[in-house]
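> Please read through the structure below; I'll follow up with questions.
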Amino acid sequence: MLVEHEQEHDYETLMADPATSAQLVNVQINGVWHQFPKGTRLIEACEQAGSYIPRYCYHKKLTSPGNCRMCLIEMGLPKMGPDRKPELGEDGKPVINWMPRPQISCAQDVSEGLGVRTDSPLAQECRKGVMEFLLINHPLDCPICDQAGECRLQEFSVEYGNAESRFLENKVKKPKNIELGPRVTLDDERCILCSRCIRFCQEIAHDDVLGFIDRGSHSVLTAHPGKRLENNYSLNTVDICPVGALTSSDFRFQMRVWFLKETKSFCTSCATGCNTIIGTRQDAIYRQTPRENNAVNSSWMCDYGRLNFGYLQSDKRLLQPEILSGDKLIAAEWNVAITHAAVQLKHFSGWEIAILASGRMTNEELWLTSRLAKILGVELIDIVPRQGPGDDILLSTDRNPNMNGAQILGVTRWPGARLRDITDGIISGRVKALVALGENPIEIGLTFAQLQALPAFVVMNLLEDESISAATAVLPSFGFAEKRGSMINGKGRLQRLNRSVRGPGEARDDWEILRDLIQAYSGQNSETDSRPGGIHSIEDVFRQMSESFPQFAGLSLSKIGDLGVQIFGTEATR
Amino acid sequence: MAITVSRPKLNWSERLYLPAIAAGMAITIKHFKNMLFGRTKVTMQYPEEKWDSHMPEHYRGAPALVRDDTGRVRCVACQLCEFICPPRAIKIIPGEIPAGDRFAKVEKFPHEFDIDMIRCIYCGLCEEVCPEQAIYLRKDYAITGFTRADMVHNKEKLLEIGGVMHGVVLKWNEKK
Amino acid sequence: MDYFFLTISLVKIVALLAVVLGMMNYTVYAERRISALIQDRLGPNRVGPAGLFQPIADAAKFLLKEDFTPGHVNKFYYWLAPCLAMIPAITTLAVVPFGSTLFGVPMVIADINVGVLFVFAIASLGVYGIVIAGWSSNSKYPFLGGVRSTSQMISYELSLGLAVIPVFLLIGQLRLSEVVRYQIEHGWMIAPFVGDWANPHKWLLAIPMMISFVVFTIAIFAETNRLPFDLPEAETELVGGYHTEYGSMKFGLFFLGEYVAMITGSAIIVTLFLGGWHFPSIPDGSHGWGWGLVNIFIFFSKVAVLLFVFIWVRWTLPRFRYDQLMRLGWVFFFEIALANIFLAAIILAYFPQ
Ligand code: SF4
Ligand code: SF4
Ligand code: SF4
Ligand code: SF4
Ligand code: FES
């Protein structure tokens, strides 16, 4: 970590202070002395000091093979006198013995008295040369290359390269458009042989499938014989590939990256809650990419979560509130549908009603659900647990993103424990009304006929499923990318969803639907103990929620920040 | 800062304005006469007379997509023109060229390419930005239609206007 | 009152109206063509031969346009204003002798003895059309146009009235046919070549007449809102001035009203200063109906020449600034016209024939 870099230090005083010199070392970067903790990578130190060094093979989460040579700099060690003490120059600082040849900065840790020149004529010349070599065989693919716009090769070529090529011979031809795995497409001509993808597979995904074959300019990246890049983390190689050699088959040719609006969010496909950036254009989601958060997902995310957004734009989305009239569902205005649902629920007392909530709901929605349960007098409320195979990298076995929220907010204590009672109650006819929020009751063992027999079956969901046609009121709601709200991941971290696209059709934000339902049922825009203020925005929901639950005390949606807040458990740093 | 403009001093005949008015009227009547007797000729009778043959090489008419000598639609759907277009007249949906195709090497092509000619301001930035020499402003200028939909040029229409462009760089050759 | 008189008057009214309205349409056409030629363009030349049917197409366009009344206007006055702009301009023509006689019938609709007073009385009503239009439109540009118009008209009506006094000092009557008769006998007011033209007294008198003519003509420019006095509708400053809020035929009425006013103004100038229907060595209608028609033709030809001057001036001169306009009216023309009356009176009193 960087301690000081703006200020120039008096070398003598720093040397004389044993407390600082124990953890910090002094490094001269472009003539200015800085202090860095021992063990800092030189390339990182220079970046923190404000001199970014271009790099291809170096990735801070991976080992440094030092094979691209883009990060060459001039380096020197302090000149030692006969007494093994650094010789001091006229300005009282150590004299640096510059090495005659450039060194790579990505494989070097800082050391005491180290001197670096990142922008000297030699360093500039080196970059120019490396760029020229990299581009010798590089195809003129930018117009069809998905990386264009976020391509390191393009960027550094503009900054450090030449405008023209001096290469007269034919370029080496290599395989293009290879399916490396189900989700990754490789273009070997574009590969600059940085080996980031190979190292990722070995070190992070623990699935050693990639390697280089052949020699010299004929070297190509390929999968080991008989293997495919098909592990659940394969798409991270696309993210870290500095060029367009590895592309996502899903995102391939869909949209140029410069059109994408980037919204910070997190993945809701399992309890890990990997931080993401959602790339959208004109209310369509094109891709999700991981966002660095060392307390949650480092820089990675799994393919399953990354690609799990297509359902938001499927034609199964519910677009229009509906109510049962006669024996058919007909489209209705929102206020009509809400009133209809509320009136239906009024026919029953609390013990005749069951609520099936979801671990995919946000804290705000779950809190409103618990308020609704309280107003209705409902005891029979539970969420549906959702399990799947996990791994020890990121993917959690708990596929509900907000099970912790449901427990903290008291919607359920043992998730799934009361599902039995709900199904039994409905089958026996004791339960006459069911409110299903984002869940399909058929999945917990009920049949369509049993649902159809219910006098009142209110559904709030975003996709059409088999149970919908049994409903007496359908309230279409938003998906994770369409709304704001917070969730608590499996490790107790409160994180925030941001809206990246508008919801489709007449669908509405879930908290609004629940608020309106409560209001239509009780006549109060708030909760039963008539707290002042009422609920007019998602911030109001959070505020009222944080008043009742100490875990959220002092927080608000904006205070959660992009990286989230740990509200219980320990911060696990990867 | 205030600037004081010094007014010219007028003598009495100038202050009368009448000579100036008479001079002005003499000028206008001269123009009138010359025009009346056909001595000045500046107006072109548009639909009957057209400028087409005098149109300079750099004329910026309707933007259009071109094919090259090999018959390939040159556009590769890089969407740079869509990005640069100031009034956002261009809409492209890219597609992937299937493996067996003659031009499979190019990989990408415009599945749909629409230019809304109501929006287009004939600025020529699309031509300038295109890295593939695929879009050119041609000499068609009388773009008309009865509905808004008529005024959207789709890919077929754009290729029809564009025709074949000779002498462009053929960078997608198998050899290159 | 006998039926003969009634029928004859009716026929005269209809005929005159037809001629004037036709002339009005073609003045618009002429304005567009002449302005175009002056500016080295061609002007409307597509509808019919040389664009001659353009006025008909324009009229059809005006009539077929949606007759739209904005919601914020004062409806009654909003509708009234265009009529007020058109009617006085046409009515004035009733007292102007536009020919000698045809089959013994004098070619004037109402040869009343207060002729010129009638002209002023009715013409000054025209300002109401503009003021009411500006006020009832209930929006700022028309309002400014209306205000400008009021002060402009009032200022220039003064010069207008004073400028003709020398003419009537000389003739001693207000009847317009008398003015024409005097000119036939003694030569045109500003060009006394006929009659006793050798008389130096005539030439002396021509000085105040010339001044009257210039002042009167300029005042008529101002009264008809023609450039360089078109401040009430100055497009560059006031959008459209008093008729900004008008559309379709209501706008058309304002537009045409302006041209009718021009025709009326020219007719009066012709009558007062340019010998009316008279042209040297052409006999009057008592020598046969053919000559009667020729006289009428002469009258309208003179009007047409003046209209050309109107148009010519419009496409030559720039618009006055408002303070210049007021200064010109009050400090300049008013004084000149006043002095001119004395000049004429002195000539008449001390240099008898
Ligand atoms: S990898 Fe970069 S430089 Fe190479 S074609 Fe793609 S965008 Fe262009
Ligand atoms: S495919 Fe990309 S990440 Fe892998 S070696 Fe090539 S350039 Fe590096
Ligand atoms: S000419 Fe300009 S406005 Fe028209 S399509 Fe091209 S970039 Fe867009
Ligand atoms: S810039 Fe050229 S190649 Fe790219 S999409 Fe437009 S026309 Fe096609
Ligand atoms: S980044 Fe240092 S050698 Fe590649």
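> Does region A:300-313 include one or more residues that are surrounded by 19 or more Cβ atoms within 10 Å (Cβ to Cβ), of a type in the set (Ser, Thr, Tyr), within 25 Å of A:LEU463 (Cα to Cα) and more than 14 Å from chain B (Cβ to nearest Cβ)?
no
> Here is a list: A:LYS38, A:LYS60, A:LYS85, A:LYS79. Which entry is of a type in the set (D, E, K, R) and either under 28 Å from the mean Cα position of the chain (by Cα) or at pLDDT 95 or above (or both)?
Within the list A:LYS38, A:LYS60, A:LYS85, A:LYS79, the selection yields A:LYS60.
> Restrict the check to region C:293-303 and report whether at least one residue is touching a strand residue (DSSP E or B) at 6+ places or on another chain (Cβ under 9 Å), of a type in the set (Val, Ile, Thr) and more than 14 Å from chain B (Cβ to nearest Cβ).
yes
> Separate question: Output the residues belonging to region C:111-138 that are open to solvent by 20 Å² or more (accessible area, probe 1.4 Å), part of a loop (DSSP other than H, G, I, E, B) and touching a residue at least 60 places away in the same chain (Cβ under 8 Å).
Hits for region C:111-138 are C:ASP111, C:ILE112, C:ASN113, C:VAL114, C:ASN138.
> What's the total number of residues in region A:91-139 that are open to solvent by less than 30 Å² (accessible area, probe 1.4 Å), within 30 Å of B:LEU170 (Cα to Cα) and within 16 Å of ligand 5 (Cβ to nearest atom)?
Total satisfying the criteria: 3.
> Any chance region B:147-159 includes a residue that's closer than 30 Å to A:LYS171 by Cβ, of a type outside the set (Ser, Thr, Tyr) and within 10 Å of ligand 4 (Cβ to nearest atom)?
no
> Then there is this: Give C:LEU52, C:LEU80, C:LEU64 a once-over and let me know the one that is loosely packed, with under 15 Cβ neighbours inside 10 Å, under 27 Å from the mean Cα position of the chain (by Cα) and either more than 14 Å from every other protein chain (Cβ to nearest Cβ) or over 22 Å from C:GLY146 (Cβ atoms) (or both).
Every option except C:LEU52 fails the conditions.
> Sticking with this one: Can you report the number of residues in region A:36-65 which are open to solvent by 10 Å² or more (accessible area, probe 1.4 Å) and either within 16 Å of ligand 2 (Cβ to nearest atom) or not aromatic (Phe, Trp, Tyr) (or both)?
Qualifying residue count for the region: 20.
> For a quick check of your reading of the model, give me the residue pairs whose first member lies in region A:178-191 and is under 16 Å from A:ASP303 (Cα atoms) and in contact (Cβ under 8 Å) with a residue 40 or more places away in the chain, whose second is within 15 Å of ligand 1 (Cβ to nearest atom) and in a loop (DSSP other than H, G, I, E, B), with beta-carbon atoms closer than 7 Å and at least 6 apart or on different chains.
Partner pairs satisfying both residue conditions: A:THR185/A:ASN177; A:THR185/A:ARG252.
Okay, residues lined up against (1) within 16 Å of ligand 5 (Cβ to nearest atom); (2) within 22 Å of the chain's Cα centre (by Cα); (3) polar (S, T, N, Q); (4) closer than 19 Å to A:ALA148 by Cβ:
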residue	(1), (2), (3), (4)
A:ARG183	no, yes, no, no
A:CYS191	yes, no, no, yes
A:CYS201	no, yes, no, no
A:VAL209	no, no, no, no
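> Next up: Out of all the residues in region A:246-263, is one or more within 16 Å of ligand 5 (Cβ to nearest atom) and more than 14 Å from chain B (Cβ to nearest Cβ)?
No: region A:246-263 contains no residue that is within 16 Å of ligand 5 (Cβ to nearest atom) and more than 14 Å from chain B (Cβ to nearest Cβ).
> Where the second residue is polar (S, T, N, Q) and assigned to a helix (DSSP H, G or I) and the first is facing chain C (nearest Cβ under 7 Å) and lies in region B:19-36, which pairs have Cβ atoms under 7 Å and are six or more apart or on separate chains?
The qualifying pairs do not exist here.
> Is it the case that region A:193-208 has a residue that's within 14 Å of another protein chain (Cβ to nearest Cβ), touching a residue at least 40 places away in the same chain (Cβ under 8 Å) and of a type outside the set (D, E, K, R)?
In the first step, residues of region A:193-208 are kept if they are within 14 Å of another protein chain (Cβ to nearest Cβ); the result is none.
No, every residue in region A:193-208 fails to be within 14 Å of another protein chain (Cβ to nearest Cβ), touching a residue at least 40 places away in the same chain (Cβ under 8 Å) and of a type outside the set (D, E, K, R).
> Return only the number of the condition from (1) assigned to a loop (DSSP other than H, G, I, E, B); (2) open to solvent by 50 Å² or more (accessible area, probe 1.4 Å) that C:ARG32 does not satisfy.
For C:ARG32, the exception is condition (1).
> Considering every residue within region C:140-150, establish whether at least one is farther than 29 Å from C:PHE332 by Cα, of a type in the set (Ser, Thr, Tyr) and surrounded by fewer than 19 Cβ atoms within 10 Å (Cβ to Cβ).
Within region C:140-150, not a single residue is farther than 29 Å from C:PHE332 by Cα, of a type in the set (Ser, Thr, Tyr) and surrounded by fewer than 19 Cβ atoms within 10 Å (Cβ to Cβ).
> Provide a single number: the residues in region B:42-64 that are open to solvent by 90 Å² or more (accessible area, probe 1.4 Å) and more than 9 Å from every other protein chain (Cβ to nearest Cβ).
Residues meeting the conditions: 9.
> On to the next question. Just one of B:ILE118, B:ILE135, B:ILE97, B:ILE93 is within 14 Å of chain A (Cβ to nearest Cβ) and open to solvent by 60 Å² or more (accessible area, probe 1.4 Å); which is it?
On inspection, the qualifying residue turns out to be B:ILE93.
> Since A:GLU230 meets every condition but one in (1) within 16 Å of ligand 5 (Cβ to nearest atom); (2) at pLDDT below 95, which condition does it not meet?
In the conditions (1) within 16 Å of ligand 5 (Cβ to nearest atom); (2) at pLDDT below 95, A:GLU230 misses (1) alone.
The values are calculated or read from the model by the stated rules, or taken from the named source; none is laboratory data. As the structure is a prediction and not an experimental result, all values here were calculated from the model. A quick note on method: Cβ atoms are made from the backbone with ideal geometry, for glycine too, and the neighbour counts reach across all protein chains shown. Ligands, DNA and RNA are stripped out before the accessible areas are found, and what is left, the full protein with its side chains, is counted by its heavy atoms. Shrake-Rupley method; radii C 1.70, N 1.55, O 1.52, S 1.80 Å.
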